[in-house]
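Below: one structure, written as structure tokens.
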Amino acid sequence: MRVSQFHLFTTRETPADAEIISHQLMIRCGMIRKLTAGIYTWTPLGWRVLRKVENIVREEMESAGYLEMLMPAVQPAELWQETGRWDDFGGQLLKLKDRAGRSFVFGPTHEEVVTDLARNELRSYKQLPVTFYQIQTKFRDEIRPRFGVMRAREFLMKDAYSFHINQQSLEETYWQMYEVYSRIFTRAGLEFRAVKADSGAIGGSASHEFHVLAESGEDQIVFSSESDYAANIDLAVALAPAAGAAKPGVDLRLQDTPNTHSIADLVDRFEVPIEKTIKILVVAGDENSESEFVALLVRGDHSLNEFKAAQLEAVANPLQFADEKDIHRVIGAGPGSLGPVDLPIPCIADHTVAAMSDFAAGANAENKHYFGINWGRDVALPPQADIRNVIEGDPSPDGQGVLHLARGIEVGHIFQLGTKYSESLNAVVLGDDGKSHPLEMGCYGIGVSRIVAAAIEQNHDDKGIMWPEPIAPFAIAVLPMNAKKSHRVREASEAIYRQLIEAGVEAFLDDRNVRPGVMFNDMELIGIPHRLVIGERGLDIGMLEYRNRRAAENEEIPLDTVVQELLARLG
RNA sequence: CGGGGCGUAGCGCAGCCUGGUAGCGCACCACAAUGGGGUUGUGGGGGUCGGAGGUUCGAAUCCUCUCGCCCCGACCA
């Protein structure tokens, strides 16, 4: 491709509304343009990258034997009503009406459609297992789209669905898909981790997320320093210490603590180490439980894991925090003065709390705290559960190593769905026993457009993008210096460019009449992995300048063998 | 959904408080010089100031409504 024939539109200025680096660079490169909130046009430059990612995904899916297809983006409401997701999916579901007033959705995912296909087409276990996939535009009406294509409303997704006669077959495909996903992200040149995850609104049992590691990631992931334990923050657990093991060291003491309303106050004014404090969170009880409210106890420096807390039998799901008025009503003290001693409502302690001794907490009376509290001696040890978020350095739950926290961008998610959709849509096949069996299903997603942004987050410097070669829009930039003034430069550049193109290399010849600095800056900004500079200077001595986008210095390449040398470097 | 902010040329912004017929930088077009890290000069094109209504002799500016966009929050003992 010649730059003069390509719509290359770069800009020096960073748009005001782009917060993260990938969004800024994509705008500055001219890869994307916003049409409206969360909805983007992919320009020719951006589209080349998107297509590269798409093709890697497609090739790996194909070689695993999965079948590509294309399902409708617009789907009848009836199908979503059958599975209950017309109501359950929530505000992210974009609902539409046609001229006759019939309701439709713009597909945010395709379990309904693919299961409808399966119930009509699949008859026998002999047709199984089978995996269908598509690469297609999805729409999810995000509450708050942001970060460009990272969290867009309209986005490109690869979604795959597998069908099985039994759980064992599902698991085989699930773990095969795990490997396929790992190959895809590895091939795209990304540093990533797979972590255990919750299956959330999609439903089902087992699930893993694939995260590209990046500081700007919206998700927290957790992994062990020694073992292969890895989970997202919702699910991550630390090895629990033994409850009640610590022996009392000091006496219980009730002390006046005026104007002490927070853990921070307690630590500052009374010189209590934060690890010797506990905080009480009052939440609504489950409607079937005997208590209106339940107190949750976590160590002062720990935070409540709302996902875990909401799973507790005694606790309302979704989690609902008591307001100040309710806390006063049922406990008789404000939120800053709560503690386990003489607490009038049931409580559940985090495992860490159950192992504490000589700790401080509120006295359930204004302006008073207890110090030196010990379980058993001063108050009965409450029931325990894992209700906190793990922190950096916690022991890994398998006993091997400590936990590290990192930020990640979720680019893939695989689920074992089981029969959730096949049962609600009555998708069954005959087994070898001659009886009907609901299909076991798996579903597997990759955020194709999100990968583009994630790759930039992971691969950039102060000059711009540094594409991993497999997803770069062009492989090499051929930059003639002052071609207008030099037919030698012009001819040499054209010749090399032609040879590269003939060799199948995606070369990008900058034949614009612009100064060298403009070329260098543009090519570095858009992240072309290799570049060759052709000038009078080099031609005089028979050597040309080559530079890798990630290298700090030029290399000299002899003119006579330049194309072979480049081909070797390009792999 | 709650809170805050912003809508003036393709992009980044000034002008608004104190009303008087719209400006700067980048980008774009033309010409010239320059020619190895976003070069320089001269000349030029482009805006119903988000939209509607109101106040006024006169509105980008004041008032009302409306639409759009962005940020923060949905953890608190």
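The values are calculated or read from the model by the stated rules, or taken from the named source; none is laboratory data. None of these values were measured; they are calculated from a predicted model. Positions of Cβ are backbone-derived with ideal geometry, glycine not excepted, and every protein chain shown enters the neighbour counts.
Observations on the model:
- The set of residues in the stretch A:504-538 that are more than 6 Å from RNA strand B (Cβ to nearest atom) and of a type in the set (A, V, I, L, M) comprises A:Val505, A:Ala507, A:Leu509, A:Val514, A:Met519, A:Met523, A:Ile526, A:Ile528, A:Leu532, A:Ile534.
- Taking the conditions (1) within 36 Å of the chain's Cα centre (by Cα); (2) surrounded by fewer than 16 Cβ atoms within 10 Å (Cβ to Cβ) in turn, A:Glu536 satisfies each one other than (1).
- Segments classed as helices (runs of 4 or more DSSP H), wholly inside the stretch A:304-358, with at least 1 members that are within 17 Å of A:Lys279 (Cα to Cα), among the aliphatic types (A, V, I, L, M) and near RNA strand B (Cβ under 8 Å from one of its atoms): A:324-331
- Test: residue in the stretch A:177-185 that is at pLDDT 95 or above, outside any helix (DSSP H, G or I) and within 20 Å of A:Val452 (Cβ to Cβ): no
- For A:Arg140, the requirement of being within 16 Å of RNA strand B (Cβ to nearest atom), surrounded by fewer than 17 Cβ atoms within 10 Å (Cβ to Cβ) and under 20 Å from the mean Cα position of the chain (by Cα) is not met.
- Selected residue (only one of A:Val222, A:Val294, A:Val212 is touching a residue at least 12 places away in the same chain (Cβ under 8 Å), among the β-branched types (Val, Ile, Thr) and farther than 30 Å from A:Leu190 by Cα): A:Val294
- Among the residues listed as A:Leu50, A:Leu45, A:Leu67, the single one being more than 28 Å from A:Ala453 (Cβ to Cβ) and modelled with pLDDT of 95 or more: A:Leu67
- Single condition A:Glu502 does not satisfy, out of (1) buried (at least 18 other Cβ atoms within 10 Å of the Cβ); (2) within 17 Å of A:Leu570 (Cβ to Cβ); (3) not aromatic (Phe, Trp, Tyr): (1)
- Residues that are surrounded by 18 or more Cβ atoms within 10 Å (Cβ to Cβ) and aliphatic (A, V, I, L, M) within the stretch A:244-266 comprise A:Ile263, A:Leu266, listed in sequence order.
- When the stretch A:539-549 is limited to residues that are exposed (fewer than 13 other Cβ atoms within 10 Å of the Cβ) and not acidic (Asp, Glu), the one that is farthest from RNA strand B (Cβ to nearest atom) turns out to be A:Gly542.
- The set of residues in the stretch A:217-232 that are crowded, with 18+ Cβ neighbours inside 10 Å and over 10 Å from A:Arg407 (Cβ atoms) comprises A:Val222, A:Phe223, A:Ser224, A:Tyr229, A:Ala230, A:Ala231, A:Asn232.
- Taking helices (runs of 4 or more DSSP H) as the structural unit, those lying wholly within the stretch A:1-101 and holding at least 1 residues that are in contact with a strand residue (DSSP E or B) (Cβ under 8 Å, 6 or more places away or on another chain) and in contact (Cβ under 8 Å) with a residue 60 or more places away in the chain correspond to A:21-29, A:44-63.
- Among residues of the stretch A:539-556, those that are assigned to a strand (DSSP E or B) and either under 42 Å from the mean Cα position of the chain (by Cα) or not hydrophobic (A, V, I, L, M, F, W, C) (or both), counted: 6
- In the stretch A:255-300, the residue that is nearest to A:Ala355 (Cα to Cα) out of those that are of a type in the set (Gly, Ala, Ser) and not in a loop (DSSP other than H, G, I, E, B) is A:Ala295.
- Verdict on A:Arg377 being of a type in the set (Lys, Arg), in contact (Cβ under 8 Å) with a residue 12 or more places away in the chain and closer than 30 Å to A:Glu179 by Cβ: no
- Residue match in the stretch A:149-171 (condition: within 16 Å of RNA strand B (Cβ to nearest atom) and part of a helix (DSSP H, G or I)): yes
Okay, residues lined up against (1) over 20 Å from A:Glu324 (Cα atoms); (2) more than 14 Å from RNA strand B (Cβ to nearest atom); (3) touching a His at 6+ places or on another chain (Cβ under 7 Å):
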| residue | (1), (2), (3) |
| --- | --- |
| A:His261 | no, no, no |
| A:Ala264 | no, no, no |
| A:Glu271 | yes, yes, no |
| A:Lys276 | yes, no, no |
| A:Gly285 | no, no, no |
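- Scanning the stretch A:70-95 for residues that are surrounded by 13 or more Cβ atoms within 10 Å (Cβ to Cβ) and among the aliphatic types (A, V, I, L, M) returns A:Met71, A:Ala73, A:Ala77, A:Leu79, A:Leu93, A:Leu94.
- Odd one out for A:Ser216, checked against (1) within 16 Å of the chain's Cα centre (by Cα); (2) outside any loop (DSSP other than H, G, I, E, B): (2)
- When the stretch A:458-481 is filtered for residues that are within 22 Å of A:Phe155 (Cβ to Cβ) and surrounded by fewer than 24 Cβ atoms within 10 Å (Cβ to Cβ), the ones remaining, listed by number, are A:Gln458, A:Asn459, A:His460, A:Pro468, A:Pro470.
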